[in-house]
Amino acid sequence: MKVKFKLNGKEIEVEIEDGELLIDTLRNRLKIKSVKHGCGIGECGTCTVLLDLKPVCSCLLLTKSVENRSITTVEGIDCEKLKESFATHGAVQCGFCTPGMLLSAYSLLIENKNPSKEEIKERISGNLCRCTGYNQIIEAIENVCKN
Ligand code: FES
Ligand code: FES
């Protein structure tokens, strides 16, 4: 079957299997490898994408369910400040969680330019990071809000 959706602002059409998951369409057919395959069961957040600008786990979503909707991956967000802040605060170590983390943070910042620490923690609570202990990530997001 064919499905049409907007990917990073461009209308696309892709041939998929009926029960295909969005993570597999993005990684295997559309070659977007920034969407990482972690747990596969909705617990780690490494596969996060934005669906109509809200973070979702692409390992839990059927590709056919995003017909006519908008999907954003880290390649599609305009967030140089956020990326720089992650780099300067040591919020990127192995980098496996980083695309999903950036997308969750970005989705919060477009809703709320000055979130509290609690709101930041809440928004990234679905994105696991094995390396940083989270403080650097939270500081990196807070720093963007201050500047
Ligand atoms: S791979 Fe999707 S939540 Fe872990
Ligand atoms: S930087 Fe390694 S998992 Fe987050």
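Just so it is clear, none of the values below were taken in a lab; they were calculated from the coordinates. Computed from a predicted structure; not experimentally measured. All Cβ positions, glycine included, derive from the backbone under ideal geometry; neighbour counts span all protein chains shown.
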Proxy exposure order for Thr73, Thr88 (fewest C-beta within 10 Å first) is Thr88, Thr73
Expected unfolding gain across Glu75-Leu53 under the 0.36 nm per residue rule, minus the alpha-carbon gap, is 6.6 nm
In terms of the alpha carbon gyration tensor, root eigenvalues a ≥ b ≥ c, rounded if a/c is under 1.5 and otherwise prolate when a/b exceeds b/c or oblate, the stretch 1-81 is oblate
In degrees rounded to 10, the 0-90 angle between helix 98-111 Cα long axis and the longest Cα principal axis of the chain is 80
Nearest-0.05 FRET efficiency for Cys131 and Lys4 at R0 = 35 Å, using Cβ-Cβ distance, is 0.40
Sparse-neighbourhood loop hits (trypsin sites (Lys or Arg not before Pro), the stretch 1-39; DSSP loop; Cβ within 10 Å at most 13 others) -> Lys31, Lys33
Taking a ≥ b ≥ c as the square roots of the Cα gyration tensor eigenvalues, with a/c under 1.5 meaning rounded and otherwise prolate when a/b beats b/c or oblate if not, the stretch 29-143 comes out prolate
Karplus-derived 3J(HN,Hα) from phi for the stretch 124-130 (6.51 cos²θ - 1.76 cosθ + 1.60, θ = phi - 60°), whole Hz, x at Gly and Pro, runs 9, 5, x, 10, 7, 10, 8
Correct response: the longest run of the chain lacking exposed GluC sites (Glu not before Pro), defined by DSSP loop and at most 15 other Cβ within 10 Å, is 68-147
Calc'd 3J(HN,Hα), the stretch 131-145, phi into Karplus 6.51 cos²θ - 1.76 cosθ + 1.60 (θ = phi - 60°), Hz, glycine/Pro = x, comes to 9, 8, x, 6, 4, 5, 5, 5, 5, 4, 6, 4, 4, 5, 5
Shape call for the stretch 77-146, from the Cα gyration tensor axes a ≥ b ≥ c (a/c under 1.5 means rounded, otherwise prolate when a/b beats b/c, else oblate), comes out rounded
With 0.36 nm assigned to each residue of separation and the Cα-Cα distance removed, Glu119 to Ala87 gains 9.4 nm
Taking a straight Cα-to-Cα line shorter than 23 Å from Lys31, and setting aside same-chain lysines fewer than 8 residues away, one finds Lys2, Lys4, Lys6, Lys10, Lys54, Lys64, Lys83
